[in-house]
Amino acid sequence: MTFPFDALTACRAELEEEATVNDAQAAFPTGGLDRLRQLGVLAAPLPQTLGGRGFGTEPHGAASLLHMLRLVGQGSLALGRVVEGHVNAIRLIALYGTPEQLAHVGAEVHEGALYGLWVTDDVTPLRMEQTPRGITLHGGKAFASGARQVTRALVTARAGQDGTGRDTTRMLLVALGKDRAIHNASGGLTGMRGAGTGQCDFTGMTVLPAGLVGQAGDYLRQPEFSAGAWRGMAVALGGIERLTALLRSQLAARDRAGSPAQQARIGLALIAGETALLWTRRAALVASSQDRFDSGDISGTVNLARLAVERAGLEVIELVERGLGLSAFVRDNVVERIIRDLSTYLRQPAPDETLCEAAAWFTRRNLPQPDVHA
Ligand SMILES: Cc1cc2nc3c(=O)[nH]c(=O)nc-3n(C[C@H](O)[C@H](O)[C@H](O)COP(=O)(O)OP(=O)(O)OC[C@H]3O[C@@H](n4cnc5c(N)ncnc54)[C@H](O)[C@@H]3O)c2cc1C
């Protein structure tokens, strides 16, 4: 049976409605997440041998994963962020974990588990220490999506120094019960309020050695470290496309779509959206062809794509605000919330470094050419 893309397409309005209703209270979209779970979105990233579809864990699944994340993003960027984190965690466990760990993930996901990938450190970075009782944790994570909903988080922790005196990083799977110590994101985010973002303090927790995933340094290993960003772009792409659709429909509804200046805005927004799609597709293709491309080519391409999608999003936000005027700032216009969500979502780590690294890599090399017919 193929993935029910039509049903996912049909439920976008439902996801958008819940995101709007929940925005003021920054409530988590539990109804939308249940709906996605029923449609098989959370099981889709599992390998086919574990009852999934290999979206994100098998090379053939990249195009379908892009489509799935894009559709979720069109309905709700916050849910897209949560699903993206779940996919990212499963992908890393599939890459670096043991077959037993992955089989366990499969069993849990079929029972409804939600995974998260929490790497952004809180003021006190997460550290681990091996003791006779197991691995004890100290410190915490910030901006953790689904902080109260994720049932098992894949976290990075500093694990002492290597032979050269540098801190090493390990990945750990941590089961999260009702006793988890969560604080809401400091001050409250203005956008992406439905992503359930919070600070999680792990101090005092003990994890069994079986929770260690991969080896020291795996998380930062290229090209995977940079390449994974394409999945976030696919979600952002959905938000960009939704805003463009709203620009078109609201201008038409107000009988303002016919003026040449507004037509130009519609055209420019469509171009920006298509640019974001083409870059995201290229990044996904290159990232899923690791046997064909040099690691630097993969991370450089995905890094450029990240910046291209960010630029496209910022451009569409400006076009929508200019085109719709003050109505884009009125709270009961869904555009107002989606702009806040997209602006927040586009803040990804270290954009300057991302651009400069990619530019340096491609100064003496050409961009790799993926097989667009694959
Ligand atoms: C809704 C939401 C959900 C999130 N969910 C998760 C999650 O589940 N798990 C998780 O791990 N993280 C999560 N994050 C955090 C996210 O992955 C990024 O860490 C965060 O968005 C980075 O944004 P930033 O603007 O602070 O980045 P920064 O890297 O701080 O960039 C801000 C600016 O500073 C510049 N800059 C960066 N470093 C330097 C430097 N050393 N010197 C000078 N300039 C510098 C950058 O180029 C940029 O211009 C989430 C974030 C959001 C908004």
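The values are calculated or read from the model by the stated rules, or taken from the named source; none is laboratory data. This structure is a prediction, so every number in the text was calculated from the model and none was measured. All Cβ positions, even for glycine, are placed from backbone atoms using ideal geometry, and neighbour counts span all protein chains on display. Just the protein is used for accessible areas: all its heavy atoms, side chains included, with ligands, DNA and RNA removed. Shrake-Rupley method; radii C 1.70, N 1.55, O 1.52, S 1.80 Å.
Quick one: compute the contact order of the chain, relative version, from alpha carbon pairs under 8 angstrom and 6+ residues apart, as a percent.
That works out to 16 percent.
What order do THR156, THR344, THR30 take when sorted by accessible area (1.4 Å probe), most exposed first?
Heavy-atom accessible area, descending, gives THR30, THR344, THR156.
Mind ranking THR244, THR190 by accessible surface for me, highest first, 1.4 Å probe? All intermediate terms of the calculation are to be shown ahead of the outcome.
Values: THR244 5, THR190 100 Å².
If we order THR244, THR190 from most to least accessible, we get THR190, THR244.
If I take all pairs of Cα atoms in region 224-361, what percentage of them are more than 24 Å from each other?
When every Cα pair of region 224-361 is considered, 34 percent fall beyond 24 Å.
Roll a 1.4 Å probe over the protein chains and send me the accessible area per residue for the chain in Å².
Details: 16980 Å² over 374 residues.
Ligands and nucleic acids excluded, the figure is 45 Å² per residue.
Where the accessible area of region 224-361 is counted over protein heavy atoms with a 1.4 Å probe, how much of it, in %, is carbon and sulfur?
Using a 1.4 Å probe with all protein chains present, region 224-361 comes out at 56 percent carbon and sulfur.
In region 5-114, what percent of the accessible surface is made up of carbon and sulfur (1.4 Å probe, ligands and nucleic acids excluded)?
Here carbon and sulfur together make up 53 percent of the probe-accessible area.
Which value, in Å to one decimal place, does the Kirkwood hydrodynamic radius take for region 146-202 when every pair of different Cα atoms is included? Could the numbers behind the result be given before it?
Working: mean 1/r = 0.0755 Å⁻¹.
Evaluated over region 146-202, this radius sits at 13.2 Å.
So how much accessible area does GLU58 have, in Å² to the nearest 10, using a 1.4 Å probe?
Roughly 40 Å² of GLU58 is accessible to a 1.4 Å probe.
Taking θ = phi - 60°, what integer Hz values does the Karplus form 6.51 cos²θ - 1.76 cosθ + 1.60 yield along region 57-68, in sequence order, with x for Gly and Pro?
Once rounded to whole Hz, the list reads 10, 10, x, 5, x, 5, 5, 5, 5, 4, 5, 5.
Would you kindly give the portion of the calculated P(r) for region 118-213 that falls above 16 Å, as a percent of all Cα pairs?
Beyond 16 Å sits 54 percent of the P(r) for region 118-213.
Please determine, in degrees from 0 to 90 and to the nearest 10, the orientation of helix 30-39 with respect to the longest principal axis defined by the Cα atoms of the chain, where the helix direction is its Cα long axis.
Roughly 80 degrees between the two axes.
Once you keep just the Cα pairs under 8 angstrom separated by 6 or more residues, what percentage relative contact order results for region 248-324?
Averaging sequence separation for qualifying contacts and normalising by length gives 41 percent for region 248-324.
Looking at the square roots a ≥ b ≥ c of the eigenvalues of the Cα gyration tensor of region 289-374, which shape do they give, rounded for a/c under 1.5, prolate if a/b is larger than b/c, or oblate? Kindly include the intermediate steps, with their values, before the conclusion.
Values: a/c = 3.17, a/b = 2.48, b/c = 1.28.
Prolate is the answer for region 289-374, as a/c is 1.5 or above and a/b outweighs b/c.
So for the pair THR131, ARG256, with labels modelled 7 Å out along Cα→Cβ, what separation do we get in nm?
6.2 nm
With the cut-off at 1.5 for a/c, could you classify region 193-255 from its C-alpha gyration tensor as rounded, prolate or oblate?
Taking the square roots of the gyration eigenvalues as a ≥ b ≥ c, region 193-255 is oblate.
Considering the Cα positions of region 5-114, please state its Rg to one decimal place and its Dmax as a whole number of Å.
13.9, 43
Between region 66-127 and region 287-342, what is the separation of their alpha carbon centroids in Å?
21 Å
Rank these by accessible area, largest first, 1.4 Å probe: ARG337, ARG37, ARG221, ARG170.
Reading off the accessible areas and sorting them downward yields ARG221, ARG37, ARG170, ARG337.
For the chain, build the convex hull from the C-alpha positions and give me its volume per residue in Å³.
152 Å³
Compute, for PHE5, the solvent-accessible surface of its heavy atoms (probe 1.4 Å) with the complete set of protein chains present, and express it in square angstrom to the nearest 10.
Roll a 1.4 Å probe over it and PHE5 shows about 40 Å².
Compute the distance in nm between two label points, each set 7 Å from the Cα along the Cα-to-Cβ direction, one at LEU367 and one at LEU326.
Going from the LEU367 label point to the LEU326 one covers 4.2 nm.
Please label the shape of region 303-348 as rounded, prolate or oblate, based on the square roots a ≥ b ≥ c of the eigenvalues of the alpha-carbon gyration tensor (a/c under 1.5 means rounded; beyond that, a/b larger than b/c means prolate, else oblate).
Since a/c reaches 1.5 but b/c is at least a/b, the shape of region 303-348 is classed as oblate.
Can you tell me the 0 to 90 degree angle between the C-alpha axis of helix 295-324 and the longest principal axis of the chain, rounded to 10?
With rounding to tens, the tilt is 40 degrees.
About the Cα centre, and with charges only on the beta carbon of Lys, Arg (+1) and Asp, Glu (-1), how big is the dipole of the chain? Nearest 20 debye, please. Spell out each step's value before the answer.
Values: 37 positive and 38 negative charges, 45 e Å.
Once rounded to the nearest 20, the dipole reads 220 debye.
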